Amino acid sequence: MIRPKSHYLSICLGLLVLSAFPLHAKDIVIATSSMTLTSIPYLVAVEKRFFEKEGLAAQYVVMRSDLAVKGLITGDVDYNQSVSSVLRAGVAGAPLITVAGIYNRTFFELIARRDIKSLAELKGKTVGISRYGASTEYALRFGLKANGIDPDKQIKMLAVGEDAARIAGLQNGTLAAIVSQVPANFFAHKVGGHTLLPLGEYMETLLAGVGVSQKSWSKTVMK
């Protein structure tokens, strides 16, 4: 199985970029869609006061990736860790770019109820994702298609929100399976779920890094 690769040099460069051009008295807002393993570089930077040493007051906030993308465009968000959403928005014409990456594979897993023993047993059943258009949906689609399951015809895909809601659906039986990642997958296992399919090897994409608006990046580079 292909494991997600860590591009430590990329994130170091990204953090250096963030700190090399202080925004004076203006706080910077860094958005992430959820607190996962990919948050560690940012959490370390906040904990070690790397931003403060450069005269920056960094706010690391959790918000839906689609809202973070809109925030980049309006200027309410300065940096978005969910670069896969930034890339998709950029391809669709939004004035956004990705300037650094950490991982080139996802950590997502397809976690099923205990009574679901195979992908074939998922046919006709409901699988929970975070939201439509998010990386959870794409990871699920790629993984199922690679294993002969049509995600549009053979399962029911349901957007139920954050990890806690998905895990609750798995526990109470309303969901046959969910898409989750570290560390939420451990909680899903505790309530009776098991990993039916690791999804990281089926979709190569930037999972986390630094996404910005073209406008703010141009101003930064010109300084």
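The values are calculated or read from the model by the stated rules, or taken from the named source; none is laboratory data. Just so it is clear, the structure is predicted and the values come from calculations on it, not from any experiment. Cβ sites come from the backbone with ideal geometry, for glycine too, and all protein chains shown count toward neighbours. When the accessible area is computed, the model is the full protein with side chains, heavy atoms only, and any ligands, DNA or RNA have been set aside. Shrake-Rupley method; radii C 1.70, N 1.55, O 1.52, S 1.80 Å.
Here 111, 102 are screened, and the one residue that is modelled with pLDDT of 95 or more, of a type outside the set (Phe, Trp, Tyr), open to solvent by less than 50 Å² (accessible area, probe 1.4 Å) and in a strand (DSSP E or B) is 111. Reported count of residues in the range 187-200, each being open to solvent by 40 Å² or more (accessible area, probe 1.4 Å) and in a strand (DSSP E or B), is 3. Apart from one condition, residue 184 fits all of (1) aliphatic (A, V, I, L, M); (2) crowded, with 23+ Cβ neighbours inside 10 Å; (3) under 22 Å from residue 41 (Cβ atoms); the exception is (2). Take residue 109 and tell me if it is of a type outside the set (A, V, I, L, M, F, W, C), touching a Ser or Thr at 6+ places or on another chain (Cβ under 7 Å), more than 18 Å from residue 211 (Cβ to Cβ) and in contact (Cβ under 8 Å) with a residue 40 or more places away in the chain. Judged against the criteria, residue 109 is a match.
Of all the residues in the range 35-73, those that are β-branched (Val, Ile, Thr), open to solvent by 40 Å² or more (accessible area, probe 1.4 Å), in a helix (DSSP H, G or I) and in contact with a strand residue (DSSP E or B) (Cβ under 8 Å, 6 or more places away or on another chain) number 2.
Summed over the range 139-157, residues that are within 14 Å of residue 177 (Cα to Cα), charged (D, E, K, R) and without any contact (Cβ under 8 Å) to a residue 24 or more places away in the chain total 1. Scanning the range 87-96 for residues that are modelled with pLDDT of 90 or more and either touching a helix residue (DSSP H, G or I) at 6+ places or on another chain (Cβ under 8 Å) or open to solvent by less than 20 Å² (accessible area, probe 1.4 Å) (or both) returns 94, 95, 96.
For the range 201-214, how many residues are farther than 22 Å from residue 69 by Cα and either surrounded by fewer than 21 Cβ atoms within 10 Å (Cβ to Cβ) or of a type in the set (Asp, Glu) (or both)? Counting residues in the range 201-214 that are farther than 22 Å from residue 69 by Cα and either surrounded by fewer than 21 Cβ atoms within 10 Å (Cβ to Cβ) or of a type in the set (Asp, Glu) (or both) gives 1.
Taken over the range 123-178, the residue count meeting the criterion of being assigned to a loop (DSSP other than H, G, I, E, B), open to solvent by less than 20 Å² (accessible area, probe 1.4 Å) and out of contact with any Ser or Thr (no Cβ under 9 Å at 6 or more places or on another chain) is 2. Just one of the numbered conditions (1) out of contact with any strand residue (DSSP E or B) (no Cβ under 7 Å at 6 or more places or on another chain); (2) touching a residue at least 12 places away in the same chain (Cβ under 8 Å) is not true of residue 168: (2).
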